[in-house]
1. One residue is enough: does segment 103-110 have a residue meeting the conditions without any contact (Cβ under 8 Å) to a residue 40 or more places away in the chain and small (Gly, Ala, Ser)?
2. Name the single residue that is modelled with the highest pLDDT among those in segment 134-153 being loosely packed, with under 12 Cβ neighbours inside 10 Å and of a type in the set (Lys, Arg).
3. Glu60 fails exactly one of the following numbered conditions: (1) in contact (Cβ under 8 Å) with a residue 40 or more places away in the chain; (2) within 21 Å of Ser167 (Cα to Cα); (3) charged (D, E, K, R). What is the number of that condition?
4. Only residues in segment 188-207 that are among the β-branched types (Val, Ile, Thr) count as the first member; pair them with residues that are part of a helix (DSSP H, G or I) and modelled with pLDDT of 85 or more, Cβ under 7 angstrom, at least 6 apart or cross-chain, and list the lot.
5. Within segment 57-67, take every residue that is hydrophobic (A, V, I, L, M, F, W, C) and assigned to a strand (DSSP E or B) and give me the one that is surrounded by the fewest Cβ atoms within 10 Å (Cβ to Cβ).
6. Restricting segment 80-111 to residues that are hydrophobic (A, V, I, L, M, F, W, C) and assigned to a loop (DSSP other than H, G, I, E, B), which is surrounded by the most Cβ atoms within 10 Å (Cβ to Cβ)?
7. In the list Ser54, Ser70, which residue meets the criterion of being modelled with pLDDT under 95, among the small types (Gly, Ala, Ser), under 30 Å from Glu184 (Cβ atoms) and part of a loop (DSSP other than H, G, I, E, B)?
8. Pick from Asn124, Asn119, Asn156: which is exposed (fewer than 12 other Cβ atoms within 10 Å of the Cβ) and either modelled with pLDDT of 85 or more or assigned to a strand (DSSP E or B) (or both)?
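The values are calculated or read from the model by the stated rules, or taken from the named source; none is laboratory data. None of these values were measured; they are calculated from a predicted model. Don't worry about glycine lacking a Cβ; one is built from the backbone with ideal geometry, like all the others, and counts go over all protein chains shown.
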Amino acid sequence: MQKNISQITLLFIFLICNNVSAQQANANITNDNVNFRNLIGRSGFVKELEKEGSPYVYDEYKKAKIANNSQLYDLKYNAYKDEIEVLNNGKPMTIFKNPEYSPIHLIDSNEYIYLKNYNYGGKNVTGYLFELKKSNDLIFYMKISKSYFKGKRSENSFDRDQPESYSDQPDVFFIQKADREILEMPKTKSKLIEMFPEKKEKIEKTIKVNKIDTKNINILSQIFTALY
């Protein structure tokens, strides 16, 4: 009888231990399944590269008038694509490069953007220029542009991802004499005099008085003084 009780006790202990082991095993299986599901859910997932900078001159939309239209539009200038973007029913839309949609007047900053044909880098370009200064016989324009870097993922754990980025390019300045063609602004004394022979004396005087580097005339205020 005592032997039977001992056997029953051992069997009971065995069943309990076996049940605990099974529960632990089930718990492990459950955790493994959760982890496996998480991995499956992440399969193909690639974290987006960070972005730095913006393609726009102003990130926010500005109130503006387009040509002779009295209506105000929300728009901004994409300096990377050289495009004007307008909100249409809450969605961005790019304006066609059509002279009928020029100039564009940014109300709060009182800036004017013109669609112009001009020569740049040996090519005939149709694009947007910001008006800087205007008189009866001269108009100064500025081309604002940005470059884009696509970004690059690190090749190993010792390297870092390089973010997508937009960066400012050097501004390029242009001059238009009356209704003549638009020309890139000269950067030297000789080229400036060649473009404005009638202002030779004033140009030379301005350069002398202000001690301007004749090999690199790059300060707009100095050029304005020489030509006005």
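1. No: segment 103-110 contains no residue that is without any contact (Cβ under 8 Å) to a residue 40 or more places away in the chain and small (Gly, Ala, Ser).
2. Looking at residues that are loosely packed, with under 12 Cβ neighbours inside 10 Å and of a type in the set (Lys, Arg), I get Lys150.
3. (1)
4. Ile193/Lys200; Ile203/Ile193
5. Within segment 57-67, the match that is surrounded by the fewest Cβ atoms within 10 Å (Cβ to Cβ) is Ile66.
6. Residue satisfying both the conditions and the ranking: Ile95.
7. Selected residue: Ser54, the only one of Ser54, Ser70 that is modelled with pLDDT under 95, among the small types (Gly, Ala, Ser), under 30 Å from Glu184 (Cβ atoms) and part of a loop (DSSP other than H, G, I, E, B).
8. On inspection, the qualifying residue turns out to be Asn124.
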